[in-house]
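Reviewing the structure listed below.
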Amino acid sequence: MADEDDVVVDIGPVAHGGHCVARHDGRVLFVRHTAPGERVRARITGLGPGGRFAYADAVAVLDASPDRVASPCRYAAPGGCGGCDFQHLSLAAQRDLKAAVVREQFARLAGVDADVVVEPLGEPEPGLRWRTRVEFAVDGGGHAGLHPHRSHDVIPVEDCLIAAPGVIGSGVLSGDWSGFAAVDVAAPSLGAAAVTPVAPGGAAGPNRLVTETVTARWAGPGGEREFTHDFEVAARGFWQVHPRAAATFVGRVLADLDPRPGERAVDLYAGVGLFAAALADAVGPGGQVVAVESDPTAAGLARTNLGPWRHTVVLPVRVDDAFGVARPARRGPADRRATRPRRPRRAPLMPDTADLVVLDPPRTGAGAEVVRAIAALRPRAVAYVACDPAALARDTATFATAGYALGRLAAYDAFPMTHHVECLATFAP
């Protein structure tokens, strides 16, 4: 097989990454724009290392799944925008596929039979207009657009159906962005959208601040609880892109952890202090909250956002450095040999024990060293917020070896029309 070859294949199960698996002449194909059980004509779009597998797009559907629907966006097609993976399927079918991916990752990487259902966040059907933060690429003519799958090309677009009304209403898609490589748009819950052009090389204009209001509710042993707070967030910094994600995740985490007055909580990869603020409110002035965040801008904003709670502290360091554990191995540019930096000194304000731990790591996960360090704090409960089920499954296996069992596993469709899914897991001794 070579690029642009067409083959007829029967589609098998969904794979992590927005593809489904097929086979042709003994070779695995990862085929986009398909559903399990379909028969399609697939066009090869690339080969994996050594030609061991191939990527493909379904260019003709010969036997369709009953879950197939017409894609609402004209750009969500073979050769088009690569941002949406599942617009050709009903929302219910999309969530079933995401649940299958979570189950497969946990079975393969953690040895856990996970019973999980992907829950919606309550967005109106058909799951469009939810993305409040979008980075658009800029083509040679200065038009904002989006990338095809696995490509640096730019497709100019007149609309993005998953972008929130505030993003499109900013006028980003009708502007002339000549001389820029990209343009970021953040549509916050309060105020107008912030538009930030990005120069070639990544240099951007002033990182404006926006305000995000979060009102979370949950049921605890003492009855219904509520937490409301306004957060200052950098327009180009991390924040949940679904408008209901932050409140939903805070409510779920606090319901699972049940923070008690006087307890000590540690919030790892704390960002601007979303979970730390809710925890500080719950444990009260007799408790303590330690938030760890390495990004200087986010750490500074966390201090501002945690201002009402004097029993909090923000540690502006990497999580592995805070624990004094070795950083992950990296490859040197010259000889390509793996190198491991010196084990850092544990941060003086990092506690030796904690009652509760929350972590919301990047897509790569926390890693074995950090997981073992969390377990060494001997918390009575851990809440793990994960945007990648494979990373969560790997860390779940490490928690098990460190004496912590997986409790509740929830999954949310925080990114409709894409293959991404947000998982929330709890662990206890």
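The values are calculated or read from the model by the stated rules, or taken from the named source; none is laboratory data. Since we're looking at a predicted model, the values are computed, not measured. Backbone-built Cβ (ideal geometry, glycine too); neighbour counts: all protein chains shown. SASA here: full protein model, heavy atoms, side chains in, ligands and nucleic acids out. Shrake-Rupley method; radii C 1.70, N 1.55, O 1.52, S 1.80 Å.
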Check: Can you tell me which residue in segment 256-310 is farthest from N207 (Cα to Cα), limited to those that are in a helix (DSSP H, G or I) and of a type in the set (D, E)?
Finding: D256
Check: Across segment 178-194, what is the number of residues that are without any contact (Cβ under 8 Å) to a residue 40 or more places away in the chain and open to solvent by less than 40 Å² (accessible area, probe 1.4 Å)?
Finding: 1
Next item on the list: Being closer than 18 Å to A216 by Cβ and either under 21 Å from the mean Cα position of the chain (by Cα) or of a type in the set (D, E, K, R) (or both) is the filter here, so list the residues in segment 282-324 that pass it.
Entry: A291, A302
Margin query: Here's a check for you: in segment 196-212, which residue that is in a strand (DSSP E or B) and open to solvent by 40 Å² or more (accessible area, probe 1.4 Å) is nearest to T132 (Cα to Cα)?
Written below: T211
Checklist line | Filtered residue count, segment 244-266, keeping only those that are in contact with an Asp or Glu (Cβ under 8 Å, 6 or more places away or on another chain) and farther than 15 Å from R217 by Cα | finding: 4
Next item on the list: Only one of these is touching a Lys or Arg at 6+ places or on another chain (Cβ under 9 Å), open to solvent by less than 70 Å² (accessible area, probe 1.4 Å) and touching a residue at least 24 places away in the same chain (Cβ under 8 Å): E4, E38. Name it.
Entry: E38
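Yes/no per residue for (1) under 25 Å from W239 (Cα atoms); (2) buried (at least 21 other Cβ atoms within 10 Å of the Cβ):
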site	(1), (2)
G83	yes, yes
D113	no, no
G122	yes, no
P126	yes, no
D153	no, no
Margin query: Only one of Y412, Y404 is open to solvent by 10 Å² or more (accessible area, probe 1.4 Å), over 15 Å from R363 (Cα atoms) and aromatic (F, W, Y). Can you tell me which?
Written below: Y412
Check: If we keep just the residues of segment 38-66 that are in contact with a strand residue (DSSP E or B) (Cβ under 8 Å, 6 or more places away or on another chain) and part of a loop (DSSP other than H, G, I, E, B), which is farthest from R23 (Cα to Cα)?
Finding: S65
Check: Is there a residue in segment 311-330 that is at pLDDT below 95, touching a strand residue (DSSP E or B) at 6+ places or on another chain (Cβ under 8 Å) and open to solvent by 30 Å² or more (accessible area, probe 1.4 Å)?
Finding: yes
